[in-house]
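Have a look at this one before I ask anything.
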Amino acid sequence: MSQLATATTAPDQIAYLDAAAATAMGVEYKQRFVDALGVQPGHAVVDVGCGPGTDLGRLADAVQASGRIIGVDRDPRMVAEAGRRLADRPTVELRTGDAHDLPLADASVDRARMDRVLMHVRSPAHVLAEVRRVLRPGGLLGMAEPDWDTLAVADEDVRTSRRFARFVAGRVRNPTIGRELVRLSAQAGLQVRSVEPIAVVFRDFDTADQILGLRRNSARAVLAGELTDAEVQPWLQRLAEGPMLAGFTFYLVIAQA
């Protein structure tokens with residue numbers, strides 16, 4: 001077995017989330033996300049699936065001293081890391097909890113956000129019903145989700161690129177969640193206010209490899225019998241030598257209770 005076929009270890013989850021947030025695309029869309037939610041001083045805001053607290057500081061700045069930020073995550077490690085990072089933020093509170101059963105009272109928050117959370121959950125419809133429950137009348141929910149079925153990698157070997165993209169999408173629990181947000185929101189009794197498709201484009205191999213796992217996921221595809229080393233090695237070499245182009249569609253949706 002080649003080195004490629006053994007290079008399947010996933011990166012540390014906190015390090016991965018930090019790296020994604022630090023990309024130019026991550027910085028830009030996260031600020032657009034907060035702006036689109038219209039967070040105001042005094043608001044109570046819940047960040048469902050807050051991870052290591054990546055966005056809690058930005059939200060705390062928006063609600064100011066009169067507001068309240070609640071970060072919820074099911075992973076105690078994430079909650080602990082968020083607590084370490086936000087220790088000096090008195091308006092931020094953290095709770096360990098499942099998005100399917102939020103540890104919040106009915107109609108207790110003005111704003112809710114979920115950033116790349118619904119792609120992972122067991123039942124997106126159930127989670128949206130939960131968020132609808134905790135939102136106050138007129139409150140806003142912001143969702144940012146990729147549509148992994150739109151992933152495309154440009155290369156002369158179109159067949160390998162397509163099979164790689166299909167393999168990556170197949171590893172995600174809800175790969176088409178981005179395009180489903182409008183329908184699911186309506187079913188949850190939410191009124192969709194805006195839908196913004198965002199083209200996520202990678203021109204740099206190292207960044208694309210970091211976020212898309214070009215090496216890691218192609219190695220997994222080899223182990224799964226979906227691709228071969230003979231196909232993947234020259235494919236990766238061409239991508240690394242450039243010019244590089246890969247991307248997918250990301251949806252930013254704002255809905256109202």
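Going through GLU226, GLU145, GLU231 one at a time, which residue ends up being part of a helix (DSSP H, G or I), among the acidic types (Asp, Glu) and surrounded by 15 or more Cβ atoms within 10 Å (Cβ to Cβ)?
GLU231
Select from region 43-78 the residues that are more than 17 Å from ARG116 (Cβ to Cβ), in contact (Cβ under 8 Å) with a residue 40 or more places away in the chain and among the small types (Gly, Ala, Ser) and list them in ascending order.
Within region 43-78, ALA44 is the sole residue that qualifies.
Output the residues belonging to region 234-257 that are under 13 Å from SER161 (Cα atoms), surrounded by fewer than 20 Cβ atoms within 10 Å (Cβ to Cβ) and in contact with an Asp or Glu (Cβ under 8 Å, 6 or more places away or on another chain).
Within region 234-257, PRO234, ARG238 qualify.
Just to be sure I understand the filter: pairs with C-beta atoms under 7 Å, separated by 6 or more residues or on different chains, first member in region 9-25 and without any contact (Cβ under 8 Å) to a residue 40 or more places away in the chain, second member surrounded by 15 or more Cβ atoms within 10 Å (Cβ to Cβ) and assigned to a helix (DSSP H, G or I). Which pairs pass?
If the second residue must be surrounded by 15 or more Cβ atoms within 10 Å (Cβ to Cβ) and assigned to a helix (DSSP H, G or I), the pairs left are ALA21/LYS30.
For SER123, only one of the following conditions fails: (1) hydroxyl-bearing (Ser, Thr, Tyr); (2) within 18 Å of the chain's Cα centre (by Cα); (3) surrounded by 15 or more Cβ atoms within 10 Å (Cβ to Cβ). What is its number?
Tallying (1) hydroxyl-bearing (Ser, Thr, Tyr); (2) within 18 Å of the chain's Cα centre (by Cα); (3) surrounded by 15 or more Cβ atoms within 10 Å (Cβ to Cβ), SER123 fails exactly one: (3).
Right, next: Within region 84-100, work out how many residues are of a type in the set (Gly, Ala, Ser) and free of Cβ contacts under 8 Å to residues at least 12 places away in the same chain.
Final tally of qualifying residues: 1.
While we're here: Which pairs turn up if I take residues in region 184-206 that are farther than 14 Å from PHE250 by Cβ and β-branched (Val, Ile, Thr) and look for partners that are modelled with pLDDT of 95 or more and in a strand (DSSP E or B) with beta carbon separation below 9 Å, at least 6 apart in sequence or on another chain?
VAL192/VAL253; VAL192/ILE254; VAL192/ALA255; VAL192/GLN256
Looking at ALA87, ALA99, ALA65, ALA82 in this structure, which one is of a type in the set (A, V, I, L, M) and more than 27 Å from ALA19 (Cα to Cα)?
The conditions single out ALA65.
Inspect region 25-38 for any residue being over 21 Å from ASN174 (Cβ atoms), touching a Leu at 6+ places or on another chain (Cβ under 6 Å) and surrounded by 20 or more Cβ atoms within 10 Å (Cβ to Cβ) and give the result as yes or no.
Scanning region 25-38 turns up at least one residue that is over 21 Å from ASN174 (Cβ atoms), touching a Leu at 6+ places or on another chain (Cβ under 6 Å) and surrounded by 20 or more Cβ atoms within 10 Å (Cβ to Cβ).
Looking at this structure, is ILE198 modelled with pLDDT under 95 and part of a strand (DSSP E or B)?
Against the criterion (modelled with pLDDT under 95 and part of a strand (DSSP E or B)), ILE198 qualifies.
I'd like the full set of residues that are under 17 Å from the mean Cα position of the chain (by Cα) and assigned to a helix (DSSP H, G or I), limited to region 156-181.
Correct list: VAL168, ALA169, GLY170, ILE177, GLY178, ARG179, GLU180, LEU181.
Can we say THR249 is outside any strand (DSSP E or B), closer than 26 Å to ARG32 by Cα and of a type in the set (Val, Ile, Thr)?
no
The values are calculated or read from the model by the stated rules, or taken from the named source; none is laboratory data. Please read these numbers as outputs of a predicted model, since none were measured by experiment. Ideal geometry is used to build each Cβ from the backbone, glycine not excepted, and the neighbour counts take in all protein chains shown.
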